[in-house]
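*Asks:* Okay, handing you the structure first.
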Amino acid sequence: MLPQHVVVREVGLRDGLQSIAAVLPTENKCTWLRDAVAAGQREIEVGSFVPARLLPQLADTDAVLAYAKTLPGMFASVLVPNPKGAERALDGDADLMIVPLSASLKHSLANLRKTPDEVVAELGRIRAARDASGRKTLIEGGVGTAFGCTIQGEVKVSEVLRLMQALLDAGADHVSLADTVGYADPPAVSSLFEQALKIAGDRFWCGHFHDTRGLALANIHAALQLGVMRFDASLAGIGGCPRAPGASGNASTEDLAFMLAAMSVDTGLDIEALLTLRAKVAGWLAGVPTHGTLWRAGLPRTFQRTTAQQTPRETLRAGASVA
């Protein structure tokens, strides 16, 4: 049985923008956030606290996070690769900070210049700093390259599960799994996620799938059948990992929202509003390859919007707080 409700966490402002050369102005990012909330999105990864010289596209994450905190019902997350980034996330009162870990040793060294176990140790220090600060910011340990790596090749399932357990033991509130380079297929997702859920239970937080080989939605469906209720996606399918060759394209937010609606799974998302926002973002990123198919074909004439899909935008327009 599929879940009755699923959260689509928007990652375009971080995972999407980090992979392109264009630097989107802060004003446009704030407009993106405002329109996303109006379309019903409540969980959004707004940026990453990394040195500006490495990712100038995300140098304004402090300002974007501050704006996100003014929006009603917003649950704002940021990626933090080290304790310094976590300090900035805590200062900005982020709702969630994601600590990325690669199960591939070679990718971990290329991306973070640390071994996976060194990242686990850093998460422990981040947990201690969070607790000492008195903040309620949650910590998610995200295990990337969970299905393989373009640099290393095979990543053993036993290593993925070991590192996930290590993150929990080090103090992560939640853990997630990511197909960073688009190697996953539905049977592999079913097998790995089933084992991960046995380890993490309700502390398993999210699935993150790239559409590099066109299987993101199929892989999400496989995880849905196991009861997973939160997935990352990027408007227009933009995104990838700069340190993972060939890791192009996230699951498209608008395509995922449509698939879930077609299966009568509630998301609270206004798909027409998402398509309008997609067109706006694609215009800002003229020349940048985008992905997804719903924007080309449009909604079927037989598609019926539910009350839940209409509510967020109408409630926000009326000035009410949206939970």
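The values are calculated or read from the model by the stated rules, or taken from the named source; none is laboratory data. Remember, predicted model here, so these are calculated numbers, not experimental data. All Cβ positions, glycine included, derive from the backbone under ideal geometry; neighbour counts span all protein chains shown.
*Asks:* Which numbered condition in (1) surrounded by fewer than 17 Cβ atoms within 10 Å (Cβ to Cβ); (2) in a helix (DSSP H, G or I) is the only one that residue 29 fails?
*Replies:* Checking residue 29 against (1) surrounded by fewer than 17 Cβ atoms within 10 Å (Cβ to Cβ); (2) in a helix (DSSP H, G or I), the one that fails is (1).
*Asks:* Just to verify a result, which residue in the stretch 93-114, among those that are surrounded by 23 or more Cβ atoms within 10 Å (Cβ to Cβ) and part of a loop (DSSP other than H, G, I, E, B), is farthest from the chain's Cα centre (by Cα)?
*Replies:* Step by step, filter the stretch 93-114, then rank; the result is 104.
*Asks:* Pairs only if they're at least six apart or on different chains, beta carbon under 8 angstrom, first in the stretch 184-211 and touching a residue at least 24 places away in the same chain (Cβ under 8 Å), second surrounded by fewer than 17 Cβ atoms within 10 Å (Cβ to Cβ) and among the small types (Gly, Ala, Ser); list them, first residue then second.
*Replies:* Note: pairs meeting the criteria are 185/218; 186/218; 197/227.
*Asks:* What do you reckon, is residue 219 modelled with pLDDT under 95, under 25 Å from residue 202 (Cα atoms) and surrounded by 14 or more Cβ atoms within 10 Å (Cβ to Cβ)?
*Replies:* The answer is no for residue 219.
*Asks:* I've got another one for you. Regarding residue 64, is this residue in contact with a Ser or Thr (Cβ under 9 Å, 6 or more places away or on another chain), surrounded by 20 or more Cβ atoms within 10 Å (Cβ to Cβ) and within 29 Å of residue 161 (Cβ to Cβ)?
*Replies:* Judged against the criteria, residue 64 is not a match.
*Asks:* Now for a separate question. Has the stretch 52-61 got at least one residue that is surrounded by fewer than 24 Cβ atoms within 10 Å (Cβ to Cβ), of a type outside the set (D, E, K, R) and within 21 Å of residue 177 (Cα to Cα)?
*Replies:* Among the residues of the stretch 52-61, not one is surrounded by fewer than 24 Cβ atoms within 10 Å (Cβ to Cβ), of a type outside the set (D, E, K, R) and within 21 Å of residue 177 (Cα to Cα), which makes the answer no.
*Asks:* Which residue, of 264, 234, is polar (S, T, N, Q) and more than 18 Å from the chain's Cα centre (by Cα)?
*Replies:* Within the list 264, 234, the selection yields 264.
*Asks:* Which is within 27 Å of residue 180 (Cβ to Cβ) and modelled with pLDDT under 95, of 246, 298?
*Replies:* 246
*Asks:* Residue under question is residue 287, and the condition is that it be over 14 Å from residue 16 (Cα atoms), part of a loop (DSSP other than H, G, I, E, B) and modelled with pLDDT of 95 or more; does it hold?
*Replies:* no
*Asks:* Also: Which residue out of 132, 89, 76, 121 is part of a helix (DSSP H, G or I) and buried (at least 24 other Cβ atoms within 10 Å of the Cβ)?
*Replies:* The unique qualifying residue is 89.
*Asks:* Say we look at the stretch 34-44 and pick out the residues that are crowded, with 23+ Cβ neighbours inside 10 Å and not polar (S, T, N, Q); which of these is nearest to residue 142 (Cα to Cα)?
*Replies:* 44
*Asks:* Follow-up question, since we're still on this one. Taking into account only those residues within the stretch 168-201 that are of a type in the set (Asp, Glu) and touching a helix residue (DSSP H, G or I) at 6+ places or on another chain (Cβ under 9 Å), which is surrounded by the fewest Cβ atoms within 10 Å (Cβ to Cβ)?
*Replies:* Ranking the candidates gives 169 first.
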